[in-house]
Amino acid sequence: MEVQTPPSSLPSRQFAAPGTVLVRPLLLKPQWMNGLSERLLVSHYVNNYGGALRRLNAIRTRLASVDWTRTPGFEINGLKREELIAAGSVILHEIYFESLGGYGNDPPNGLEEPTADLARALERDFGSVAAWRAEFTAMAKALGGGSGWTILAWSERLGRLINHWAADHAHGLPSATPVLALDMYEHAYHLDFGANAAGYVERVMANLNWQRIGARYRMAIGETAGEDELFLPYGAPPQEEARISAEELKATLDHDGRRPLLLDLCLPKDLPRRTDMLVGATLHAPGALSRWIEELPRDRPIAVYCICGFQVSGTAVTELRRRGYDAKALAGGITAWHAIGGATKPLDTSSYEEAR
Ligand SMILES: [Fe+2]
């Protein structure tokens, strides 16, 4: 089966082993969410989303070598079943995470409403936005203590938006396109909310990024979205050539003799959020760029990363490129690196400049 690519220009598409599904960066700022903790969101992204992605790619690698004429049916069934489940989990998690977050550098304020076109569609199909919300949240809360997804989807055949129940990652209405997916597996809330699924549902509803959900709706009904920038992490370099995907960086480090120099940039206030770094990287303060830039080689590619690939690495890469360095920002930062299972070592602050 083919995996659909959600609307985005990320990550860099010029590299991928055949069949590899690339990790998508977090668009939300996990430390600034409105009642959902960074610990919960990052654990969910790295372990559950990343786990599904790693599993999907491993299954696809295995499928590529299957001898379809000799492999027993039970092995084929097992691989194809697991491929469907893993792909569904990857895609639904991406829709879930991309539906959350604030705008630009601002945290969600809990007061956002659907975009005008989506609000009209919800009114048409549910009577009002409030009626849609009442049904959607009641369905999600009803899954508390169990597991599954609550999904807002566009059905061309039914000619309307519907809220539908999904018992697992492989459960959906045929040919309908998810617009918003709410993860009701316990791993999505237990760290913050214990068994209080209803409290979690209310917090998710207060963190929705309706611009991205609206863009997904326009894509679903066949309008040209043209809103790729909505799906770029805030502050990431807009040019594709100024970004490198986690998979490409990993392949380059593993196999390419021309290893990039690795720069780990971290604001002084964010150091307490850090525990590890890429093997071979050097930690620097972004504010001390004028000092550490003098030591950078001009004849070697440079990969710059920060925690999630927002403006810390984006601003530095833009400046390095302006000065003629072959620098790229790691899309999704070390968080995306964790999600693909990239190796790290304990954080080494010996090269870190004094906070300025
Ligand atoms: Fe999940």
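Descriptive notes on the structure:
- Residue in the stretch 54-64 that is touching a residue at least 24 places away in the same chain (Cβ under 8 Å), under 15 Å from the mean Cα position of the chain (by Cα) and closer than 30 Å to residue 194 by Cβ present: yes
Matching residues to (1) over 20 Å from the mean Cα position of the chain (by Cα); (2) within 16 Å of the ligand (Cβ to nearest atom):
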position	(1), (2)
155	yes, no
178	no, yes
183	no, yes
212	no, no
221	yes, no
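- Among the residues listed as 82, 98, the single one being away from the ligand (no atom under 16 Å from the Cβ), closer than 30 Å to residue 336 by Cα and in contact (Cβ under 8 Å) with a residue 12 or more places away in the chain: 82
- Selection over the stretch 185-244 of residues that are on the phi > 0 side of the Ramachandran plot and in contact (Cβ under 8 Å) with a residue 24 or more places away in the chain gives a count of 1.
- Number of residues in the stretch 186-202 that are surrounded by fewer than 19 Cβ atoms within 10 Å (Cβ to Cβ) and within 16 Å of the ligand (Cβ to nearest atom) equals 5.
- Hits in the stretch 157-174 (condition: outside any strand (DSSP E or B), within 14 Å of the ligand (Cβ to nearest atom) and touching a strand residue (DSSP E or B) at 6+ places or on another chain (Cβ under 6 Å)): none
- Residue match in the stretch 289-307 (condition: farther than 26 Å from residue 39 by Cβ and touching a residue at least 60 places away in the same chain (Cβ under 8 Å)): yes
- Those residues of the stretch 38-52 which are of a type in the set (Gly, Ala, Ser) and either outside any helix (DSSP H, G or I) or more than 9 Å from the ligand (Cβ to nearest atom) (or both), in sequence order: 43, 50, 51
- Residue in the stretch 175-195 that is assigned to a loop (DSSP other than H, G, I, E, B) and of a type in the set (Val, Ile, Thr) present: no
- All strands (runs of 3 or more DSSP E) inside the stretch 256-356 with 3 or more residues being under 23 Å from residue 24 (Cα atoms): 261-265, 276-278, 302-305, 327-330
- For the stretch 92-106, a residue qualifies if it is among the aliphatic types (A, V, I, L, M) and either modelled with pLDDT under 95 or in contact with a helix residue (DSSP H, G or I) (Cβ under 8 Å, 6 or more places away or on another chain) (or both), and the qualifying residues are 95, 100.
The values are calculated or read from the model by the stated rules, or taken from the named source; none is laboratory data. Bear in mind the structure is a predicted one, so any value in this text is a computation, not a measurement. Neighbour counts run over all protein chains shown; Cβ positions are idealised from the backbone, glycine included.
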